[in-house]
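> First the structure, which I've put down as structure tokens, then a few questions once you've had a look.
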2 protein chains.
Amino acid sequence: MNAPIPSEAAASIAAVERDTGLAKDTLRVWERRYGFPAPARDANGERLYPPEQVEKLRLIRRLIDHGKRPARVVGASIEELVAMLDECLCPQAGAAGREDGLLELVRLHRSAELAVALRQALMKQGLQRFVADTVAPLAAAVGEAWMRGEVDVPEEHLFTEQVQNVLRGAIGAHATHEGRPRVLLTTFPEEEHVLGLLMAEAMLVPEGVACLSLGTRTPLADIRSAALGGGFDIVGLSFSVAYPARQAIDGLLELRALLPDTIAIWAGGAAVRDKHKRLPGIRVVGGLDDTLAALRDWRAEHP
Amino acid sequence: MNAPIPSEAAASIAAVERDTGLAKDTLRVWERRYGFPAPARDANGERLYPPEQVEKLRLIRRLIDHGKRPARVVGASIEELVAMLDECLCPQAGAAGREDGLLELVRLHRSAELAVALRQALMKQGLQRFVADTVAPLAAAVGEAWMRGEVDVPEEHLFTEQVQNVLRGAIGAHATHEGRPRVLLTTFPEEEHVLGLLMAEAMLVPEGVACLSLGTRTPLADIRSAALGGGFDIVGLSFSVAYPARQAIDGLLELRALLPDTIAIWAGGAAVRDKHKRLPGIRVVGGLDDTLAALRDWRAEHP
DNA sequence: AAATCAGTTTGTCCAGGACAAACGACAAAA
DNA sequence: TTTTGTCGTTTGTCCTGGACAAACTGATTT
């Protein structure tokens with residue numbers, strides 16, 4: 001799976017920023033403060049990061065996304081980092097484990113079989129159960145394996161693509177444009193993950209909800225104008241694990257202030273879980289099944 | 001459509017980088033050299049960009065993506081910039097104009113009607129003609145209107161989402177996993193636009209090609225390992241207008257060196273058009289119909 | 001349990017200098 | 001005419017080292 005790479009002995013600071021998601025300023029200040037990373041320099045004095053340091057930075061990034069603090073992880077060895085990752089993940093280990101070997105198909109690049117298996121599961125379970133019982137656990141398992149470094153970029157991309165193909169096809173087949181409520185789905189500009197949105201849409205569409213997804217990365221002001229201009233009843237936002245909780249809360253409160261009270265705001269995803277108290281006027285959706293509960297509540301209040 | 005925005009009088013340098021795609025370093029050095037932008041400062045001495053300067057920066061960004069150089073555009077007034085944009089776009093104006101008012105549906109947020117109209121066109125024309133005659137001109141028209149500032153973020157997102165829904169559904173319905181050649185589709189890490197890939201996939205799948213799309217933003221080394229591990233015959237890359245030509249060429253040549261000669265590389269999109277001479281060993285695909293020509297050529301050489 | 005507060009950690013911003021890659025224009029060679 | 005080479009200019013990115021506010025930690029009080 002990982003054939004050795006002949007060229008590319010070292011990466012520039014821009015390449016490391018792209019590959020790890022750590023800002024150039026952050027990389028430089030870590031070097032100054034912690035002595036890591038410790039890149040070589042080229043003839044012009046510019047940083048050259050060896051691949052193993054980039055790999056370690058990737059591990060560190062994942063740990064920080066899960067709440068660890070830099071001082072605790074930057075000094076650690078690779079083995080210690082892997083051990084910390086295991087510790088992070090054990091609590092959730094029960095959730096995975098029984099997704100029918102689909103994860104194996106992802107890991108082995110069996111894309112054709114994965115596509116077939118996903119479609120079969122969809123047919124057997126129906127869209128909502130398929131999303132809640134198959135796609136969501138599988139996405140969690142892939143995310144977890146990604147954290148551990150057991151899947152790499154193409155495997156994760158492959159998984160996302162195949163799931164998108166299946167879900168978008170199924171959502172398109174429902175095609176309800178007339179129902180109520182009217183829901184606008186999107187993410188904030190820093191959030192790139194699209195699967196959360198698609199899963200939410202797939203849960204809502206079979207209930208006769210008129211969903212419109214704008215995809216990812218919509219600026220706040222544009223969310224507002226789209227919501228007002230389109231006559232929507234609800235704006236739904238999705239946040240992945242990696243999204244900073246503080247930023248999510250600030251953004252949501254700002255959006256709440258930008259929208260009239262007649263438009264509800266629903267927020268879902270790991271970054272806002274259990275943040276209900278700090279989000280007055282916003283419905284925190286705890287999971288996919290809670291989406292349906294939220295829908296029931298809304299309909300009870302809007303007869 | 002653009003209701004006035006109450007809050008947000010000014011944006012931080014990080015927000016401007018996100019909204020315009022211009023790096024923080026670039027924004028500072030323009031200020032130093034050209035005197036524009038000229039942001040205010042907050043109590044802490046940090047830059048605060050007023051909205052109209054951000055808007056002007058967006059115009060400038062688009063002009064630079066189309067080949068203009070900063071010194072020529074940074075000093076100009078908004079009116080002059082708009083005039084330059086018109087000049088840039090007139091040559092292509094003939095291409096748009098007859099896409100059945102679909103552009104109007106995008107502009108007016110008539111998402112439901114847009115979805116219906118797209119599906120109707122797909123049924124009427126078949127997948128390949130639908131892509132080449134409807135989606136591609138419409139995408140060009142949206143890109144052009146985006147350049148002129150006539151559509152904004154939510155409208156462009158809406159368009160992309162609806163087209164993705166239709167295309168992915170249609171592609172999934174074909175579901176050929178056994179054919180030849182086997183084609184791996186993706187983009188380089190800096191490229192985010194996914195429609196080019198989907199259109200290529202939609203052209204190839206009806207021909208019995210086994211396509212696998214990894215989506216956007218795959219690192220070079222991962223493209224290599226995926227191509228080798230999956231037994232692919234062809235790797236297809238897509239580049240949008242905004243992609244720097246030099247970077248595309250360097251990346252393609254590097255990838256060419258990473259892959260055995262038995263695996264062909266196809267490159268398509270505005271950034272590589274007419275760059276055939278500088279890309280030995282790479283098939284430059286000039287347009288969607290040329291994709292089919294490339295496929296015929298490949299099949300002629302691999303009986 | 002929840003709120004307050006001091007101390008520490010940490011990411012982002014700033015200034016101004018440097019340099020190589022990319023560009024434009026013009027001249028020489030095919 | 002087209003291609004190739006040269007040279008000055010433009011332009012984006014990188015560098016150093018300092019500063020500061022926001023976020024977090026943990027002890028203390030309500």
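> Inspect all residues belonging to segment A:252-261 and state whether any of them is within 27 Å of B:T216 (Cα to Cα) and surrounded by 16 or more Cβ atoms within 10 Å (Cβ to Cβ).
No, segment A:252-261 contains no residue that is within 27 Å of B:T216 (Cα to Cα) and surrounded by 16 or more Cβ atoms within 10 Å (Cβ to Cβ).
> Continuing with the same structure: Does segment B:237-256 contain at least one residue that is of a type in the set (A, V, I, L, M, F, W, C) and within 12 Å of chain A (Cβ to nearest Cβ)?
Yes, some residue in segment B:237-256 is of a type in the set (A, V, I, L, M, F, W, C) and within 12 Å of chain A (Cβ to nearest Cβ).
> If you go through segment B:185-197 one residue at a time, how many are in contact with a strand residue (DSSP E or B) (Cβ under 8 Å, 6 or more places away or on another chain) and within 10 Å of chain A (Cβ to nearest Cβ)?
Final tally of qualifying residues: 3.
> Considering each of A:Q125, A:Q53, A:Q92 in turn, give the residue that is open to solvent by 20 Å² or more (accessible area, probe 1.4 Å), at pLDDT 80 or above, closer than 20 Å to A:A140 by Cβ and polar (S, T, N, Q).
Answer to the check: A:Q125.
> Of the residues A:R28, A:R72, only one is open to solvent by 70 Å² or more (accessible area, probe 1.4 Å), out of contact with any helix residue (DSSP H, G or I) (no Cβ under 7 Å at 6 or more places or on another chain), within 16 Å of DNA strand C (Cβ to nearest atom) and over 25 Å from A:E191 (Cα atoms); which?
A:R72 is the lone residue from the list that is open to solvent by 70 Å² or more (accessible area, probe 1.4 Å), out of contact with any helix residue (DSSP H, G or I) (no Cβ under 7 Å at 6 or more places or on another chain), within 16 Å of DNA strand C (Cβ to nearest atom) and over 25 Å from A:E191 (Cα atoms).
> Taking segment A:225-249 only, how many residues are of a type outside the set (G, A, S) and open to solvent by less than 30 Å² (accessible area, probe 1.4 Å)?
8
> Moving on to the next point. Here are some residues: B:A136, B:A132, B:A112, B:A145. Which one is in a helix (DSSP H, G or I), more than 14 Å from chain A (Cβ to nearest Cβ) and at pLDDT below 90?
None of the other options fit; the residue is B:A145.
> Quick check, is B:R110 over 30 Å from B:R28 (Cβ atoms), open to solvent by 50 Å² or more (accessible area, probe 1.4 Å) and not hydrophobic (A, V, I, L, M, F, W, C)?
Yes.
> List the pairs whose first member sits in segment B:284-303 and is of a type in the set (A, V, I, L, M, F, W, C), whose second member is surrounded by fewer than 15 Cβ atoms within 10 Å (Cβ to Cβ) and assigned to a helix (DSSP H, G or I), and whose Cβ atoms are under 9 Å apart, counting only residues at least 6 apart or on separate chains?
B:V284/B:H276; B:V285/B:A293
> A further question follows. Would you mind stating whether A:E150 is away from chain B (no Cβ under 13 Å) and open to solvent by 10 Å² or more (accessible area, probe 1.4 Å)?
Yes; evaluated as a whole, the condition is true for this residue.
> Answer yes or no as to whether A:I78 is of a type in the set (V, I, T), over 25 Å from A:E190 (Cα atoms) and either within 11 Å of DNA strand C (Cβ to nearest atom) or without any contact (Cβ under 8 Å) to a residue 60 or more places away in the chain (or both).
yes
> Let me ask something additional. Name every residue in segment B:12-39 that is of a type in the set (A, V, I, L, M, F, W, C) and near DNA strand D (Cβ under 10 Å from one of its atoms), in order of residue number.
Answer for segment B:12-39, where residues must be of a type in the set (A, V, I, L, M, F, W, C) and near DNA strand D (Cβ under 10 Å from one of its atoms): B:L22, B:A23, B:L27, B:V29, B:W30.
> In segment B:37-50, which residue that is surrounded by fewer than 17 Cβ atoms within 10 Å (Cβ to Cβ) and of a type outside the set (G, A, S) is farthest from DNA strand C (Cβ to nearest atom)?
Ranking the candidates gives B:P50 first.
The values are calculated or read from the model by the stated rules, or taken from the named source; none is laboratory data. All of these numbers come straight from a predicted model, not from anything done at the bench. Virtual Cβ from ideal backbone geometry, glycine too; neighbours counted across all protein chains shown. Each accessible area value is taken on the protein alone, full model and side chains, heavy atoms only, with ligands, DNA and RNA left out. Shrake-Rupley method; radii C 1.70, N 1.55, O 1.52, S 1.80 Å.
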